[in-house]
Amino acid sequence: MEFVKKSAPHLRRPNANVVRMMRDVAIALMPLTIFAIWQHGLNALWILLVSVVSMVATEYIYYQIIDRLNGETFKLNNKSFTVYNFSVVVSGLIYGLTLPDEIPLVVVAIGGAIGVFLAKLIFGGMGQNIFNIAAFARVFVVLAFGGVLVYSNHIDADLGATALGVLNQDMLDGSVRDGYSYWAMFSGIGLPGSLGETSALLILVGGLYLFMRKSFDVYVPLTYIGTVFVLSLAVMFTQDVGFWYPMTHLLSGGLIFGAIFMATDPITIPTNRPSRIYFAFGLGVITFVIRLFGNLPEGVVFAILIMNMFVPALDYHKWAKSKFTVKSVSIFSVIVIITVILTAVGVHYAG
Amino acid sequence: MISKARKVADYKQLTKELPTLRYVDPERVYINLQSDRCQTYTLDVKENDRVQLGQIIGERDGGFFKQPIYATVSGTVEGTTKKTHPSGIEVECVIIRNDYKDEYHSTITDRPENVIENMTKAEMVDVIRQTATVGLGGSGFPSYIKLDTDKKIHTVVINAVECEPYLSSDYRLIKDSPEEIFRGLKYIMQAVDAKKGVIAVKKTKTELIEVLERELTRFENLNIEIAKLADYYPQGWENETFKNALGIKIPPGTLPMEYGVLGFNVSTTSAIYEALKHNLPITKRHLTVNGDAINFPQNIRVRVGTCVKDLIKLSDGYSEDAKDIDFVIGGPMMGTSLDTDDVIVTPTTTSVLVFKSQDFHEEPCVRCGSCVYSCPVEIQPVNIMNAIKRNDKKALENLEVNKCIECGLCAYVCTSKIHLTDYMRKGKKLLG
């Protein structure tokens, strides 16, 4: 028996570890995965398998090579073995769920491998990446293969379904909802769109699970979705369109999916609560602006990548505080009000 | 996990209802001549001198204060030796062989209640100084300096929160002798002329509240309140206690006296009672022996100067299946780990904890923010860690690492099991 000198504290929180947190996200994605396979058949199964396997394999091979270069002997379960912590599995699953159902598998594999390599591994692996891996891979697929492959499907393949496409052409066209009841848009049954993004209901179930397990920061999706909702409400009131307008913004496209599963990836968001709320607010504004004025019908993944770049600024030690102060709340409220007014005015002139 | 997490499992059920074992007659006691606050000393006795309980045998010098050294048993001086102080440093100790007679020195006399009632503040402070009463919550800060404040004090708070897990010595003290605490509080209120007294205790400790409330009926003429505080860590941190018991926020870097409040630990209160009532220095204290690598967790009433080795023997030794042990003096969140059990019990030793040594598997930081959400002083441990890694002193200043009280909560809650508290210490050192 020996005395081992340690520094305080001598206890650690039970049931708190990275593996559990990442595994929780994977579990929260399960209803969506099953729904995607049920709705789209074997296609979906293959896409999800390929997206997960391509990411996991890339990371595994990368660390095998790194260990080899560092003079380790080959072992199946190598020194830098990282698959156990589920982080790459979760990235792969989220990436797969954002894809349209008739995308060629080779595109899925290339997107996954490039995504995990460029967005994660060369930055130094888990905890070091600047960009959300799934969003990066997804954007890579859109930009590299979008013109040839994704859009040629008979279902409008870009993240959002038809509704957003129509909205993007003519932002106040009430016909977007034709044929889809609120229930269809909420449950996702029979709705065209990406594998895992159509069913708001199941996404919210996953979110509820994550909330109860405290495995994500619930303020981020709340602020994100709330911002989009408030901005579309502003448009609704100034343009005199019906309540279908904000509801369409909420329920279509990847908003809820992105807000709950991608914008909450703790590695690529700020660490302070106020900064997280500013971050989510920025996400909402950029998403809404891209949806209304941009060339693409969908803005969620782009918004996430853009706001990822602002994380160091939001966390900067000169101004980032861990609690809201009177000053920060007042500045933030002024910014929110200005944004709402600017959006309403912008829609008036652009529409 | 990504949330404010301030509940720390308290493990007190292991010992809190156990009766207090008495172990007040060790064969030898070792009285430290130095301490972490006092480097130099004078020793007035030599080998084979006979000393009595409560006799002054020397004086420690802590720079801005001097502290008499007392014999805690009657017996013969056997010379000096080196022993480990609970703070981890090696100190010179005088050995006294116990003659088991407990002969009190002539200065140890009872003061009748009416004499105490007529004592002035200066007289009381003098008694506290003479008896070397210090803060027994662990700080070891001389109590007379606190009492001798020239600020107007309106409230005295007795801190009975004991928020560190595993410890139950204060708990046992209140259960065993609640009257001493009330009397101690009364004396303190008299000394600083405070109008109000508050005993702060966790609201989950219903047994204690019962005992205190029963005792309170005997002191109804005093304006004493029992504040029931929420059960989280670090509720026992003085500023947190004041905030929740009185609603007074004390900014870091300022002293509570400036806001008219004064806080004392329960054990200190009981020591102040002993000092004023019996003119007795601290010779005994309540101590908890606990942890998962000790065979019989116990509460022990122990003589100051006892060697901890004896107490381990009394608790049936270390458990056989413990390979390596983490031997801690003080609480598990803030206590010091030592590499030997040849330690002496000083007045401020609240507990001896023995844990099976665990190596926590550290993962890369996932920036979940739990440390930021949980920090009681509202700094950002994760960003401080990153600033230390890139040696950015400007950032450390802006992130106010010096506000850190080293409560250990950031490392406790960390999802990746990173030892953030160590980084905080490093950060303070970097700033100098």
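The values are calculated or read from the model by the stated rules, or taken from the named source; none is laboratory data. Because the structure is a prediction, the values reported are computed rather than measured. Neighbour counts are summed over all protein chains in view; Cβ atoms, including those assigned to glycine, are modelled from backbone coordinates with ideal geometry.
Every condition in (1) assigned to a loop (DSSP other than H, G, I, E, B); (2) in contact (Cβ under 8 Å) with a residue 60 or more places away in the chain is met by B:ILE69 except one, and the failing one is (1). Here is the figure for the stretch B:278-313: residues that are under 17 Å from the mean Cα position of the chain (by Cα), within 14 Å of chain A (Cβ to nearest Cβ) and of a type in the set (S, T, N, Q) total 1. Output the helices (runs of 4 or more DSSP H) that fall wholly within the stretch B:114-220 and possess 1 or more residues being among the hydroxyl-bearing types (Ser, Thr, Tyr), or say none. Fully inside the stretch B:114-220 and qualifying: B:143-147, B:169-176, B:178-192, B:206-216.
Checking each residue in the stretch B:385-405 for being more than 9 Å from every other protein chain (Cβ to nearest Cβ), of a type in the set (A, V, I, L, M) and closer than 30 Å to A:THR82 by Cα picks out B:MET385, B:ILE388.
The set of residues in the stretch B:98-110 being surrounded by 14 or more Cβ atoms within 10 Å (Cβ to Cβ) and not polar (S, T, N, Q) consists of B:ASP99, B:ASP102, B:GLU103, B:TYR104, B:HIS105, B:ILE108.
Any residue at all in the stretch B:314-333 that is away from chain A (no Cβ under 14 Å) and in a loop (DSSP other than H, G, I, E, B)?
Scanning the stretch B:314-333, I find at least one residue that is away from chain A (no Cβ under 14 Å) and in a loop (DSSP other than H, G, I, E, B), so the answer is yes.
What number of residues within the stretch A:157-188 satisfy the criterion of being modelled with pLDDT of 70 or more and farther than 17 Å from A:LEU99 by Cα?
Summing the residues that are modelled with pLDDT of 70 or more and farther than 17 Å from A:LEU99 by Cα in the stretch A:157-188 gives 7.
Against the list (1) more than 11 Å from chain B (Cβ to nearest Cβ); (2) closer than 15 Å to A:SER87 by Cβ, the condition A:VAL18 fails is (1). For B:VAL366, the conditions (1) within 7 Å of another protein chain (Cβ to nearest Cβ); (2) in contact (Cβ under 8 Å) with a residue 60 or more places away in the chain; (3) among the hydrophobic types (A, V, I, L, M, F, W, C) are fulfilled apart from (2). In the stretch B:350-363, the residue that is nearest to the other protein chains (Cβ to nearest Cβ) out of those that are in contact with a strand residue (DSSP E or B) (Cβ under 7 Å, 6 or more places away or on another chain) and part of a loop (DSSP other than H, G, I, E, B) is B:SER357. Condition check for A:ILE269 on (1) within 18 Å of the chain's Cα centre (by Cα); (2) more than 14 Å from every other protein chain (Cβ to nearest Cβ): one failure, at (2).
Within the stretch B:73-80, is there a residue that is buried (at least 17 other Cβ atoms within 10 Å of the Cβ), of a type in the set (Ser, Thr, Tyr) and within 21 Å of B:THR40 (Cβ to Cβ)? Taking every residue of the stretch B:73-80 in turn, none turns out to be buried (at least 17 other Cβ atoms within 10 Å of the Cβ), of a type in the set (Ser, Thr, Tyr) and within 21 Å of B:THR40 (Cβ to Cβ). Condition check: touching a residue at least 60 places away in the same chain (Cβ under 8 Å), over 19 Å from the mean Cα position of the chain (by Cα), surrounded by fewer than 14 Cβ atoms within 10 Å (Cβ to Cβ) and not assigned by TED's automatic domain parsing to the domain that holds B:THR350. Does B:GLU258 satisfy that? In short, yes.
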